[in-house]
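Undergrad: Shown below is the structure under consideration.
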Amino acid sequence: MSAQEHVDLEGFIEGVKRRNPGQSEFVQAVTEVAQDVFPFIDGKEEYHRWQILRRIAEPDRVVSFRVVWQDDNNEIRVQRGWRVQNNNAIGPYKGGIRFHPSVNESVLKFLAFEQTFKNALTGLPMGGGKGGSNFNPKGKSDHEVMRFCQSFMTELYRHIGADVDVPAGDIGVGGREIGYMFGQYKRITNQFTGVLTGKALEYGGSLIRTEATGYGAVYFLANMLQRTGSGLEGRTAVVSGSGNVATHAAEKLVQLGAKVVTLSDSEGFVHDAEGFDQAKIDWVKAHKTRRRGRISEYVGEYKQAEFHAGKTPWCVPCDVALPCATQNELLGADARTLVANGCTGVAEGANMPTDLEGVHVFKEARILYAPGKAANAGGVAVSGLEMSQNSARMSWKEAELQAMLETIMRDIHERCVEYGNGDGGYVDYVKGANIAGFKKVADAMLAFGVV
Ligand code: NDP
């Protein structure tokens, strides 16, 4: 990188920091993308002149609103809700809704920014958005969750629509919450449209949407390994999280012959050295979703396993690692431990689970490392297919959707290789994903002029 480029990049990042005070997650996400995009646009005058990256890094709009609801003790509770519509150059805004106490504007802006590149990578016509609330569904009754979701949608409905913005689930938002929000949208607008994805099959959902993010991340990992003449058969895998993405990633890993030895939640991780089989994964799914339990209770059911409170699973030796819980859950020191223990492949099921230092460790070690915006795009891809099915008033069969998901993940892998291929055959998947995603959105923006 030349001195001039370096100044430009630094100046750009300084500007992002200045305009977004206290929004560290957003600055982190923009920095990671800018580091790859600046060298790419060097000499491509139109991207500079039209200020394309600067415009993508400024959300089209951020809607913030009050969400008032009543708990089971008739107390009035006040939460904050947001919808960040980052960019709709290539299609309606699309991205999940997160309910978690850690949600704030910075987190949602980073997620909406990332989503813009991820959605472009899928090859489907979807822009980038994200929404959520600092509401904590943990420990709430079904009725409380329902009242909250209804109140949230009573404001959100003004800002979304099947051709405007189509939210989906994310952390803390699964089938139950989508059902309550869809019901309220339908009640207020008197319209039955595909305004949300991740719906149940009975009212317009798509087969394999639930599985798609976790399965897709494993397909991506398998594609990376295959390119180097290797595979998942017999590999030991460490997975974090125990929600939608983690359990389905674990399921697909087991189906493809890998041995999954960990799952986790925000209280710690479970190490089952015998490996999780389908029956154990089914137990975790039922325990975390239907019973809304904790992963620590796994060791009461499966006595050979150990629970490590307050710890993340990256210290367990493995061949491949899949962080599938949340952002910044894998730090530089964890990355060094993984590499030292012989880990050769990392595929991110979660969004930005590895911090910037960790990313550099993986890149320096030249291991296979797939960022979330590429590896976890299978979820939003099948959401895109759910939108198509809703518009056409039809539904595809499971085998058809499975084949489409596998093809989409293979195509994303190829796009990353095209733009990330470096010396000695090493592929920088972060660079590949950032540039491929940027180019598609940027070229659409160029076509629109200054808007
Ligand atoms: P779920 O709510 O189903 O599960 C989240 C899991 O992560 C739970 O095990 C949860 O533990 C754990 N977790 C949450 N916050 C923390 C934290 N601060 N520290 C440690 N563990 C934590 O969410 P999903 O599985 O849907 O989402 C997981 C990740 O995947 C997120 O980054 C999300 O943005 C990303 N993603 C999801 C997609 C989807 O289709 N669902 C699509 C693309 C990306 P606990 O129960 O203790 O909170």
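The values are calculated or read from the model by the stated rules, or taken from the named source; none is laboratory data. Given the structure is predicted, the values throughout are model-derived calculations rather than measurements. Every residue, glycine as well, gets a Cβ built from its backbone with ideal geometry; the counts of neighbours run over all protein chains shown. Only protein heavy atoms, including side chains, enter the accessible area calculation; ligands, DNA and RNA are left aside. Shrake-Rupley method; radii C 1.70, N 1.55, O 1.52, S 1.80 Å.
Undergrad: Which of the pairs Lys138/Lys199; Lys140/Lys199; Lys186/Lys252; Lys285/Lys363; Lys363/Lys440; Lys186/Lys439 have their Cα atoms more than 30 Å apart in this structure?
TA: Violating the 30 Å Cα-Cα cut-off are Lys186/Lys252; Lys285/Lys363; Lys186/Lys439.
Undergrad: With every protein chain present, what accessible area does Glu75 have (1.4 Å probe, heavy atoms only), rounded to the nearest 10 Å²?
TA: 110 Å²
Undergrad: If each of Asp411 and Asn136 carries a label point 7 Å out from its Cα toward its Cβ, how far apart are those two points in nm?
TA: Distance between label points: 4.2 nm.
Undergrad: Using only the alpha carbons of the range 187-231, determine the length spanned along each of the three principal axes and report them from longest to shortest in whole angstroms.
TA: Here the Cα extents, ordered largest to smallest, are 54, 16, 10 Å.
Undergrad: Dividing the Cα radius of gyration by the Kirkwood radius, what Rg/Rh value follows for the chain?
TA: Using only Cα positions, Rg/Rh for the chain is 0.95.
Undergrad: Please state the shape class of the range 61-192: rounded when a/c is under 1.5, otherwise prolate if a/b exceeds b/c and oblate if not, all from the C-alpha gyration tensor.
TA: prolate
Undergrad: Quick check for you: with a 1.4 Å probe and neighbouring chains kept, what is the accessible area per residue of the range 233-287, in Å²?
TA: On a per-residue basis, the range 233-287 sits at 31 Å².
Undergrad: To continue, here is another question. With only Lys, Arg, Asp and Glu charged, each at its Cβ (+1 for the first two, -1 for the last two), find how big the charge dipole of the chain is about the Cα centre; round to the nearest 20 debye.
TA: 1120 debye
Undergrad: Tell me what the chain gives for mean residue ellipticity at 222 nm when only DSSP H runs of n ≥ 4 count, each as -39,500 (n - 2.57), the sum divided by the residue total, rounded to 500 deg cm²/dmol.
TA: For the chain, the value works out to -15000 deg cm²/dmol.
Undergrad: Another one. What Kirkwood hydrodynamic radius, in Å, does the range 3-56 give when the mean of 1/r is taken over all pairs of distinct Cα atoms and then inverted?
TA: 11.5 Å
Undergrad: Tell me, in nm to one decimal, what length is gained between Gln304 and Asp42 on full extension, where the rule is 0.36 nm per residue of separation less the Cα-Cα distance?
TA: Length gained between Gln304 and Asp42: 88.7 nm.
Undergrad: Picking from Ile435, Leu263, Val164, whose Cα lies most toward the positive end of the charge dipole for the chain (charges on Cβ: Lys, Arg +1; Asp, Glu -1)?
TA: Val164
Undergrad: Run the dipole for the range 1-146 about the Cα centre, Lys and Arg Cβ at +1, Asp and Glu Cβ at -1, nothing else charged, and hand back the magnitude in debye, nearest 20.
TA: About 440 debye.
Undergrad: Tell me, what is the per residue accessible area of the range 134-205 in Å², probe radius 1.4 Å?
TA: Accessible surface, normalised per residue, equals 43 Å².
Undergrad: Just to be sure I understand the curve: with the Debye formula and one point per C-alpha of the range 210-375, what is log10 I(q)/I(0) at q = 0.15 Å⁻¹?
TA: After summing over all Cα pairs, the log10 values are -0.71.
Undergrad: Calculate, for Asn341 and Asn190, the FRET efficiency according to 1/(1 + (r/R0)^6) with r their C-beta to C-beta distance and R0 51 Å; round to the nearest 0.05.
TA: In this case the efficiency is close to 0.35.
Undergrad: Are there any helices in the chain, counted as whole DSSP H runs, that stretch 18 Å or more along their axis by Cα and score at least 0.5 on average by Kyte-Doolittle, and if so which?
TA: 24-41, 429-448
Undergrad: Here is a further query. For the range 118-151 and the range 1-77, what is the separation of their C-alpha centers, rounded to whole Å?
TA: 21 Å
Undergrad: At what distance in angstrom do the alpha carbon centres of the range 193-225 and the range 292-355 lie from each other?
TA: 23 Å
Undergrad: When a/c reaches 1.5 or more, the comparison of a/b and b/c decides; with that in mind, is the range 327-451 rounded, prolate or oblate per its Cα gyration tensor?
TA: Here the range 327-451 falls in the prolate category.
Undergrad: In what order, largest first, do Ser141, Ser242 sit by accessible area if the probe radius is 1.4 Å?
TA: Most to least solvent-accessible, the answer reads Ser141, Ser242.
Undergrad: For the chain, which whole percent of the accessible surface, found with a 1.4 angstrom probe, sits on carbon and sulfur atoms?
TA: Its accessible area is 49 percent carbon and sulfur atoms.
Undergrad: For a quick protection proxy, order the peptides 372-383, 341-352, 229-240 by their average other-Cβ count within 10 Å, most packed first.
TA: 372-383, 341-352, 229-240
Undergrad: How long is the range 279-346 along each principal axis, judged by its Cα atoms, biggest number first, in Å?
TA: For the range 279-346, the Cα spread along each principal axis is 36, 27, 21 Å.
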